[in-house]
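Everything on this sheet refers to the single structure shown next.
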Amino acid sequence: MDLNLKNKIVVVSGSAGKEGSIGETIVNRLADEGAIPVLVDRNARGFEYVERLQKRGVNSLFVQTDVTDPVAIENAVKVIGAKYGRIDAIVNNVGVNDGAGLDSSYEEFMNSLKLNVVSYFLLAKYSLPYLKESKGNILNIGSKVALTGQGGTSGYAAAKGGVLGLTREWAVDLIQYGIRSNAIIIAESYTPAYEDWIKTLPDGQTVLNKINKSIPLESRMTKTEEIADTALFIISEKSSHTTGQFVFVDGGYVHLDRALISDVN
């Protein structure tokens, strides 16, 4: 399906994670569709990714940015505006389940919020003039933790709850400009960061097997490609009348009857 994303300027935060991460996968899917992916991340890995894209003939830009710094995000948007003159969509993809729980300090809790939700607000805020011109849209990457809890991660849970609140608030605020705002909610996806966590466990494979069995559809984790494909569809004109929605790409993890889960799966 042609999503009509060719030459669309799509800004993706948290897009310089390890190969196979959600942001990096979204960027590559955008390139495949002929869009112009703009990577915003603090990791210098983004320079390598953009170099690869440019060798493929893809117009792309990396703006190295500490997304916890308001000035840095404002400057990043200025750089993007100076180069392209417009922004058609932003994908707020930053997310680190940092374990800032009730036993954490005030500073640790606030740092979690700055990274996992305040950065979303700031990128939307500074991109807004361009989104108004393009009648563009916002896609926020959320987490099931906002709805189910997880334990030991108050900062991340609060931030991801805030992301869902902002998604609908912005849908209301921006409807007058024809700007759509939606969120994808992810449960379990085997990203490089997830794999790194599994490797820290004494019996990681057993834990991994148990998690896979908890996912109703096919007893497997969601692939990052499946998340990316849904993201592209939502920001495209093919979803032109969809706003204020939470789209679950989770194999039924959050909503389906637990009776579906058994050792037979």
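Summary of values
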{"quantity": "Every pair of residues 6+ apart whose Cβ atoms lie under 8 Å, when the first sits in region 109-134 and is of a type in the set (D, E, K, R) while the second is in a helix (DSSP H, G or I)", "calculated": "LYS132/TYR177"}
{"quantity": "Flag for GLY142 being in a helix (DSSP H, G or I) and either on the phi > 0 side of the Ramachandran plot or under 18 Å from the mean Cα position of the chain (by Cα) (or both)", "calculated": "no"}
{"quantity": "Counted residues, region 38-58 - those being under 18 Å from LYS8 (Cα atoms) and free of Cβ contacts under 8 Å to residues at least 24 places away in the same chain", "calculated": "3"}
{"quantity": "Flag if GLY152 is in contact (Cβ under 8 Å) with a residue 40 or more places away in the chain, of a type outside the set (Val, Ile, Thr), over 26 Å from VAL11 (Cβ atoms) and in contact with a Gly (Cβ under 9 Å, 6 or more places away or on another chain)", "calculated": "yes"}
{"quantity": "Failed condition for HIS241, given (1) over 15 Å from the mean Cα position of the chain (by Cα); (2) modelled with pLDDT of 90 or more; (3) of a type outside the set (Gly, Ala, Ser); (4) surrounded by 13 or more Cβ atoms within 10 Å (Cβ to Cβ)", "calculated": "(4)"}
{"quantity": "Flag for GLY162 being open to solvent by less than 30 Å² (accessible area, probe 1.4 Å) and either closer than 22 Å to VAL96 by Cβ or among the hydrophobic types (A, V, I, L, M, F, W, C) (or both)", "calculated": "yes"}
{"quantity": "Subset of region 50-83 (residues that are among the small types (Gly, Ala, Ser) and either in a loop (DSSP other than H, G, I, E, B) or surrounded by 14 or more Cβ atoms within 10 Å (Cβ to Cβ) (or both))", "calculated": "GLY57, SER60, ALA72, ALA76, GLY81"}
{"quantity": "All positions within region 94-116 that are open to solvent by 20 Å² or more (accessible area, probe 1.4 Å) and within 22 Å of VAL27 (Cα to Cα)", "calculated": "GLY95, VAL96, ASN97, LEU115"}
{"quantity": "Single condition ASP229 does not satisfy, out of (1) open to solvent by 80 Å² or more (accessible area, probe 1.4 Å); (2) modelled with pLDDT of 90 or more; (3) under 28 Å from VAL91 (Cα atoms)", "calculated": "(1)"}
{"quantity": "Residues being touching an Asp or Glu at 6+ places or on another chain (Cβ under 8 Å), open to solvent by less than 20 Å² (accessible area, probe 1.4 Å) and free of Cβ contacts under 8 Å to residues at least 40 places away in the same chain - total across region 1-34", "calculated": "0"}
{"quantity": "Residue satisfying all of: in region 171-210; among the hydroxyl-bearing types (Ser, Thr, Tyr), open to solvent by less than 50 Å² (accessible area, probe 1.4 Å) and outside any loop (DSSP other than H, G, I, E, B); farthest from ALA157 (Cα to Cα) among these", "calculated": "SER181"}
{"quantity": "Options VAL145, VAL207; residue that is touching a Leu at 6+ places or on another chain (Cβ under 6 Å), under 23 Å from ARG258 (Cβ atoms) and among the aliphatic types (A, V, I, L, M)", "calculated": "VAL207"}
{"quantity": "Number of the exception - LEU174 against (1) in contact with a Phe, Trp or Tyr (Cβ under 7 Å, 6 or more places away or on another chain); (2) over 21 Å from ILE80 (Cα atoms)", "calculated": "(1)"}
{"quantity": "Total residues in region 84-103, condition farther than 26 Å from ALA158 by Cβ and part of a loop (DSSP other than H, G, I, E, B)", "calculated": "4"}
{"quantity": "Complete set of residues in region 1-58 that are within 14 Å of the chain's Cα centre (by Cα) and of a type in the set (Gly, Ala, Ser)", "calculated": "SER13, GLY14, SER15, ALA16, GLY17, GLY20, SER21, GLY23"}
{"quantity": "Filter result (in contact with an Asp or Glu (Cβ under 7 Å, 6 or more places away or on another chain), closer than 9 Å to ASP88 by Cα and open to solvent by 10 Å² or more (accessible area, probe 1.4 Å)) within region 130-157", "calculated": "SER134"}
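The values are calculated or read from the model by the stated rules, or taken from the named source; none is laboratory data. Note that this is a predicted model, so its numbers are computed, not measured. FYI the Cβ positions are ideal-geometry reconstructions off the backbone, even for glycines, and counts take in every protein chain you see. In case anyone asks, the SASA skips ligands and DNA or RNA and just uses the protein heavy atoms, side chains included. Shrake-Rupley method; radii C 1.70, N 1.55, O 1.52, S 1.80 Å.
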